[in-house]
Amino acid sequence: MVLQRDVKHGSALRKNDIMLNRFKNIFRKHSGIEIADTLDSMGYFQYADPSDVELLKQEISNAYEAWGMISSIHALENGIHYPKDYRLYSLDNEALFEQGGYHKYLAEIEPTTKKLNISIYVEDELEEYSPTNGITHSLSINGVKYRIFEQFRDFSRAGTIAAKKFIEIINNVLVLQQSHEKVYPIGSGTSGQLIFLTPEQFRFIYAVYPDNDNKPLPLKEWARKHGIR
């Protein structure tokens, strides 16, 4: 009986959220369809299979109208989950901080790095923990060494710091290989995400999506929002 009440309560909250967001839509300058069409004109779906583009556009439109947030459709191929637009990925900040987290998420975004012809070769990874010295974590990607944690013990902020470092590293890899794409963080904690965007796509999404908790942010702005440097 308790479970049934909780389910009903959660359903009611979700309906309220949708109704509130639709009410807010009255005051917006763009419809969900206009958002999807504009992103399409900016090349947002250029990596997607052409047969998936209309479904992806409908997903973008529906999520904007209902939630004011960006969304994607995911697929499973050869045991790998990936977004059909090759842009929007989960980035669970807590899982990223755990041992092996960086390897996990580097593998997660590999479908997109392959589309972009970006090479990511990891070597010399060091992950150490001691009660006295905390966590030290470093690795090299394509011959460039990155220090993630050095005798780190501030575990209350570990996930968000790990996410910030991860995004900095990926963006540096993209810059070094002359990509026109960057990655941006969305949200935080276990529901964190990252998204691959061109500067033009980012500026548009940042301008028209209403909620800073549910849209990509410049990394410095995201870090300030979550109290990290």
- Message: Quick test of your reading of the structure: residue 57 fulfils all but one of (1) surrounded by 17 or more Cβ atoms within 10 Å (Cβ to Cβ); (2) within 20 Å of residue 167 (Cα to Cα). Name the failing condition by number.
- Response: (2)
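Evaluate the following for residue 181: is it among the acidic types (Asp, Glu) and modelled with pLDDT of 90 or more?
Values: among the acidic types (Asp, Glu): yes; modelled with pLDDT of 90 or more: yes.
Yes, satisfied.
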- Confirm whether residue 44 is surrounded by 12 or more Cβ atoms within 10 Å (Cβ to Cβ), at pLDDT 95 or above, hydroxyl-bearing (Ser, Thr, Tyr) and touching a Lys or Arg at 6+ places or on another chain (Cβ under 8 Å). yes
- Note on the structure: Taking first residues from the range 94-108 that are free of Cβ contacts under 8 Å to residues at least 40 places away in the same chain and under 22 Å from residue 154 (Cα atoms) and second residues anywhere that are basic (Lys, Arg) and open to solvent by 90 Å² or more (accessible area, probe 1.4 Å), the pairs with Cβ under 9 Å that are 6 or more apart or on different chains are 98/104
- Message: Can you find a residue that is open to solvent by 30 Å² or more (accessible area, probe 1.4 Å), at pLDDT below 95, under 30 Å from residue 148 (Cα atoms) and of a type in the set (Phe, Trp, Tyr) anywhere in the range 14-36?
- Response: no
- Look through the range 63-105, keep the residues that are β-branched (Val, Ile, Thr) and at pLDDT 90 or above, and return whichever of them is surrounded by the fewest Cβ atoms within 10 Å (Cβ to Cβ). 73
- Residues that are open to solvent by 70 Å² or more (accessible area, probe 1.4 Å) and outside any loop (DSSP other than H, G, I, E, B), drawn from the range 106-126: 110, 114, 115, 124
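Show me the helices (runs of 4 or more DSSP H) found entirely inside the range 131-229 where at least 2 residues are touching a residue at least 60 places away in the same chain (Cβ under 8 Å), open to solvent by 10 Å² or more (accessible area, probe 1.4 Å) and hydrophobic (A, V, I, L, M, F, W, C).
Working: elements: 158-176, 199-208, 219-225.
Output list reads 199-208.
I'd like to check something: does the range 201-213 contain any residue that is of a type in the set (D, E, K, R) and either under 18 Å from residue 91 (Cβ atoms) or in contact with a Cys (Cβ under 9 Å, 6 or more places away or on another chain) (or both)? Full working, then the answer.
Applying the first criterion (of a type in the set (D, E, K, R)) to the range 201-213 yields 203, 211, 213.
From what is left, the residues that are either under 18 Å from residue 91 (Cβ atoms) or in contact with a Cys (Cβ under 9 Å, 6 or more places away or on another chain) (or both) are 211, 213.
Looking through the range 201-213, at least one residue is of a type in the set (D, E, K, R) and either under 18 Å from residue 91 (Cβ atoms) or in contact with a Cys (Cβ under 9 Å, 6 or more places away or on another chain) (or both).
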- Task: Quickly run through the range 102-150 and pick out the residues that are under 27 Å from residue 82 (Cβ atoms) and among the aromatic types (Phe, Trp, Tyr).
- Result: 102, 105, 121, 146
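The values are calculated or read from the model by the stated rules, or taken from the named source; none is laboratory data. Computed from a predicted structure; not experimentally measured. When we count neighbours, we look across all protein chains shown, and the Cβ atoms used for this are built from the backbone with ideal geometry, even at glycine. For accessibility, only protein heavy atoms count, side chains too; no ligands or nucleic acids. Shrake-Rupley method; radii C 1.70, N 1.55, O 1.52, S 1.80 Å.
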